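Data first, discussion second: the structure below is written as structure tokens.
What follows draws every value from the coordinates through simple rules; no lab data is involved. Since we're looking at a predicted model, the values are computed, not measured. So basically every Cβ, Gly included, is an ideal-geometry build from the backbone, and we count neighbours across all protein chains shown.
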Amino acid sequence: MSKSKGISNPGIRRLPRYYRFLGELKKQGVERISSRELSALMNLTASQIRQDLNCFGGFGQQGYGYNVSGLYSEIGRILGADKSRGTIIIGAGNLGRAIAAHINFDTRGCRLIGVFDADRQLCGTLAGKTVIRHTDELEVFCNENKPEIAVLCIPKANTQEIADRLVSLGLKAFWNFSHYDLSIDHEDIAVENVHLGDSLLTLTYAAERLGTE
């Protein structure tokens, strides 16, 4: 039985990292691992790992540790990686096409079913293996295919209008690269905002600290 109600946001954000490391261990044929061994791999404390995982249920056995395959599957279930949620990309510029071509949606609980752009010159060409459609087709496509997730790779100025359309069409989850805060207008949707520039500045901050030591 899941006990996820009390888990902290940082703990939730560590789950994909657990999933990734456990997936690598599973590929290597590792059958079980202790919290101490996992902590050494992930640069976390063993107590932090036990605390995080205990929020979702008792996965480990004292004296045995964690069954790698079982824990990997359970975390995948918690994350929704065992689902196949219809996903569309809005914006087929360089970023949108790169995401379509290089993100393995199928292993992350998603299924890429459509890519859209307002530029008619792009329509009919491919983004990865998916044919790009015009955004005028969104209503018909969404009514027929019922996507659940949208990836927004569009300018900030266009985001509110597109988001309003998609919410009205039933989409409730957004992977948002647009730098527009969707939660301002829509409190009842799930949003993961991705600011690549902010991530780079975090890195330059760390590099600056290293340079001053």
Theoretical gain in end-to-end length, S73 to I12 [0.36 nm per residue, Cα-Cα removed]: 20.3 nm
Please report the antiparallel percentage of DSSP beta bridges with both residues in the stretch 85-198, rounded to the nearest 5. 10
Using a 7 Å offset from the Cα along the Cα-to-Cβ direction at both E139 and T125, what is the distance between the two label points in nm, to one decimal? 2.8
The answer for the net charge of residues other than V30 whose Cβ lies under 12 angstrom from its Cβ, with Lys and Arg +1 and Asp and Glu -1, is 0
When a/c reaches 1.5 or more, the comparison of a/b and b/c decides; with that in mind, is the stretch 85-198 rounded, prolate or oblate per its Cα gyration tensor? rounded
Comparing N104, N54, N43, which has the greatest mean-square fluctuation in the GNM of the chain with Cα pairs linked when under 10 Å apart? N43
Using R₀ = 35 Å, calculate the FRET efficiency as 1/(1 + (r/R₀)^6) where r is the Cβ-Cβ separation of N158 and D82; round to 0.05. 0.55
So which residue, out of G197, G93, G114, gets the largest mean-square fluctuation from a GNM of the chain using Cα contacts under 10 Å as springs? G197
Magnitude of the Cβ-charge dipole (Lys and Arg +1, Asp and Glu -1) of the chain about the Cα centre, nearest 20 debye, reported as 920
Placing +1 on the Cβ of each Lys and Arg and -1 on the Cβ of each Asp and Glu in the chain, which of P16, T204, A101 has its Cα farthest towards the positive end of the resulting dipole? P16
Quick one: which residues, 5+ away or cross-chain, put their amide H under 5 Å from the amide H of A173? H built at 1.01 Å from N. A150, A190
Can you give the calculated 222 nm mean residue ellipticity of the chain, where each DSSP H run of n ≥ 4 adds -39,500 (n - 2.57) and the sum is split over every residue, rounded to the nearest 500 deg cm²/dmol? -14000 deg cm²/dmol
Going by a ≥ b ≥ c, the root eigenvalues of the Cα gyration tensor, does the stretch 4-78 fall in the rounded group (a/c under 1.5), the prolate group (a/b larger than b/c) or the oblate group? rounded
